[in-house]
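K.L.:
Here it is, the structure in full.
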Protein chains: 2
Amino acid sequence: MFDHHAFYISDGTAITAETVGHATLSQFEMQIEHVTLPFIENIEMAKKVVSRINQIYAANGKMPLVFYTFVDQQLKEIIEHAKAVCFDVLIPFTSKVELALGVTATPKLHRTHSMKTNRYDYRIEAMNYALANDDGQTMQNYADADVILVGVSRSGKTPTSIYLALNYGIKAANYPFIEDDMDELTLPAILKNNKKKLFGLTIDAKRLAAIRNERYANSKYASLRQCRMELREVERLYRKSKIPFINTTSFSVEEISAKIMSEMALERFNH
Amino acid sequence: MFDHHAFYISDGTAITAETVGHATLSQFEMQIEHVTLPFIENIEMAKKVVSRINQIYAANGKMPLVFYTFVDQQLKEIIEHAKAVCFDVLIPFTSKVELALGVTATPKLHRTHSMKTNRYDYRIEAMNYALANDDGQTMQNYADADVILVGVSRSGKTPTSIYLALNYGIKAANYPFIEDDMDELTLPAILKNNKKKLFGLTIDAKRLAAIRNERYANSKYASLRQCRMELREVERLYRKSKIPFINTTSFSVEEISAKIMSEMALERFNH
C-alpha cells in the first residue's frame, strides 16, 4: 500500500517535472506510487488527468502530489484545478531570473528535451562511435576519442561509454584488459600513444565475481581468486602509469559519468 | 561573447541542478556559458568555486546564475556567499511537501542519481539485452522483451532501444526491415507471435536519405528513391497490421522514448 501518489505531468516529455519531483521526494521516507504523464497536449487529455487525480483523492483521502511543467497556459490551469498539491516546477526560478536580469521569459513547447536544444546529431554520432569502439573491437579510431575507458571485463566500461555518448555527446571508446595480458600487465602501444585520454575503471573483487557469475557461473573467469588477481594488476598499472581511475562498486552510471566528465575536464557537445 | 554565466553545482552529480537550470534558462533568449561542477565535497573545493564565480562577476559586472543542490549544509552556505543569483533547486518544493504532508525531509547524500534509487542492476541488464538484441541479430529472446522496435535501417531504433534501457530499465529489442523484405512486406512469424510488443518507427524520406548518405554516400541504399520506397512499404505495413508508430524526424531520443513509454503503457523497472 502506498502512502501517497505523485504525478509528473507535462505537454512535453515531463522529464524536468520528473527530475525535480523524484529529487524532492527522495528526501522523504514514504512509499510513493509514481505516475508520469507526458505529452498532455489537449484539453480532453488534461481533463482526463484531472479526473484520474480526483479519483485517487476520493478513494484514499490523501491529496496526490502533482509536479508539472506546461507551456500551454490553458492546459496548466486545468491541471491546477485538480484536488492535489500542485508544484509548477519552473515558476519559482523563472520569476527570479526575470527579476534578476530584467528580461522576460518566452516559453516554447518541448523546449528542454527537444532536438534543437539537445544537439541530436552529436549525440547519435557519439553513440555510434561508442558502439563501434566498444570492448577494444577496433582501435584505429582512438584519434577521434574524447576519452578511452580501460578496465577488466565487466567493470562497467560499456554502460559508461554509452551514457557519456547519449547524454553528453562524448566520444568514449573502451578497451578491456583480458586475462592473457595479466602476466606483467603493461600498456599496449595504441594506448600509450593516447595516454592523456585514458581513464581507468576498477571495482571490488566480490562485486565483480558476482557480476561475472551471472554470466558464467562457477567458471575460472568468475572466481574470486581470478577477479582479485586481475584487479590487483590493473590497479597497479593505473598507479604506475598515472592513469586516473575510479572504483565503480558503489556508484551509478550517472555518478561514474559525472566524475569522468569532471576529472578529465571533458566538454559536452564539443565537436 | 556570453550574456551570462550559469553554474550547476552539487555535492552529488549536479544532474538535478542542471535539469532545472537548463529548463529555466531555455525560456530566455540569451547566450549563456554553462558550467557544471559536480562532487563539490569539501570546504576547500567549495571555496574555490566561490572565487571562480566572484572572478567572473568582477570581470564583467554581471552576477552569474547559480543553481545548486547540497546535502551538506556547511558547503551550501559557502556557495551562497558567492556574488551570484542563487537558486537552491529543491528548497521551494521540499518545504511545500513538508507542509502539505506534515512530515520532515531527511536529505541523504547522492540521493537522486545514486545506485540505490536508480535500480542499477535492472538498467544494466536491460542495456545488455538491448545490445544483444540490436538490429535483429538474435530473435530467440523476444519473449523477454518489453517492446520490440521495428523500422527501416537508420530510422532511430538503436539509440531509442538503448535510451529506454539505460533510463527506464526497459528491455527493448529492435528488428530492421531490410531491402530484401520490401516486395510485399509482411510481418515475419517471430514478430507476428509478439505482435502486442511491436512499435514502429518511421522518418521523413529526405532526412533518412541524408543520414544514410553520411555512411554510404551516393549508394542506392542512400538514394531518396530507395528511402521513399522503403518508408512507404513499412508505413503501409504498420497501418495494415495496426502497429502503433511514430515519425521520428523532428523528435529527440528523449521525446521518442517518452512517447513509446506512454503509448505502450510500459512501466519502468518492472522486472
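Yes/no per residue for (1) surrounded by 14 or more Cβ atoms within 10 Å (Cβ to Cβ); (2) modelled with pLDDT under 90; (3) among the polar types (S, T, N, Q):
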| residue | (1), (2), (3) |
| --- | --- |
| B:Tyr175 | yes, no, no |
| B:Asp180 | no, yes, no |
| B:Lys192 | no, no, no |
| B:Leu201 | yes, no, no |
| B:Cys227 | yes, no, no |
| B:Leu237 | yes, no, no |
| B:Phe245 | yes, no, no |
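K.L.:
Residue check, A:Thr186 against (1) under 28 Å from B:Gly169 (Cα atoms); (2) assigned by TED's automatic domain parsing to the domain that holds A:Gln137, all met but one. Which one?
P.N.:
All conditions pass for A:Thr186, except number (1).
K.L.:
Oh, and also: Consider B:Arg215 carefully, then state whether it is among the basic types (Lys, Arg) and exposed (fewer than 15 other Cβ atoms within 10 Å of the Cβ). Walk me through how you get there before you give the answer.
P.N.:
Numbers: among the basic types (Lys, Arg): yes; exposed (fewer than 15 other Cβ atoms within 10 Å of the Cβ): yes.
Yes; evaluated as a whole, the condition is true for this residue.
Results for (1) at pLDDT 95 or above; (2) more than 28 Å from the chain's Cα centre (by Cα), shown as yes or no for each residue.
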{"site": "B:Asn60", "(1), (2)": "no, yes"}
{"site": "B:Val66", "(1), (2)": "yes, no"}
{"site": "B:Glu77", "(1), (2)": "yes, yes"}
{"site": "B:Cys86", "(1), (2)": "yes, no"}
{"site": "B:Leu90", "(1), (2)": "no, no"}
{"site": "B:Thr104", "(1), (2)": "no, yes"}
{"site": "B:Lys108", "(1), (2)": "no, no"}
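K.L.:
Quick one: which strands (runs of 3 or more DSSP E) lie wholly within the range B:1-82 and hold at least 1 residues that are within 13 Å of chain A (Cβ to nearest Cβ) and surrounded by fewer than 23 Cβ atoms within 10 Å (Cβ to Cβ)? Please lay out each step first, then the result.
P.N.:
Details: elements: B:4-10, B:32-37, B:65-69.
Correct list: B:4-10, B:32-37.
K.L.:
Which one of these is within 15 Å of B:Val150 (Cα to Cα) and within 27 Å of the chain's Cα centre (by Cα): B:Ser241, B:Ser262, B:Ser257, B:Ser252?
P.N.:
Numbers: B:Ser241 fails: within 27 Å of the chain's Cα centre (by Cα); B:Ser262 fails: within 15 Å of B:Val150 (Cα to Cα); B:Ser252 fails: within 15 Å of B:Val150 (Cα to Cα).
Answer to the check: B:Ser257.
K.L.:
Of everything in the range B:153-192, what is under 22 Å from the mean Cα position of the chain (by Cα) and hydrophobic (A, V, I, L, M, F, W, C)? Give them in sequence order. Give the derivation first.
P.N.:
The first filter runs over the range B:153-192 and keeps only residues under 22 Å from the mean Cα position of the chain (by Cα), leaving B:153-175.
Correct list: B:Ile162, B:Leu164, B:Ala165, B:Leu166, B:Ile170, B:Ala172, B:Ala173.
K.L.:
Report, by residue number, each residue of the range B:83-97 that is assigned to a loop (DSSP other than H, G, I, E, B) and either of a type in the set (A, V, I, L, M, F, W, C) or in contact (Cβ under 8 Å) with a residue 40 or more places away in the chain (or both).
P.N.:
Of the range B:83-97, the ones assigned to a loop (DSSP other than H, G, I, E, B) are B:83-84, B:89-90.
Across the range B:83-97, the qualifying residues are B:Ala84, B:Val89, B:Leu90.
K.L.:
Tell me yes or no: at least one residue of the range A:183-199 is within 30 Å of B:Ile211 (Cα to Cα) and assigned to a strand (DSSP E or B).
P.N.:
No, the range A:183-199 has no match at all.
The values are calculated or read from the model by the stated rules, or taken from the named source; none is laboratory data. Computed from a predicted model, the values in this text were never measured in an experiment. All Cβ positions, glycine included, derive from the backbone under ideal geometry; neighbour counts span all protein chains shown.
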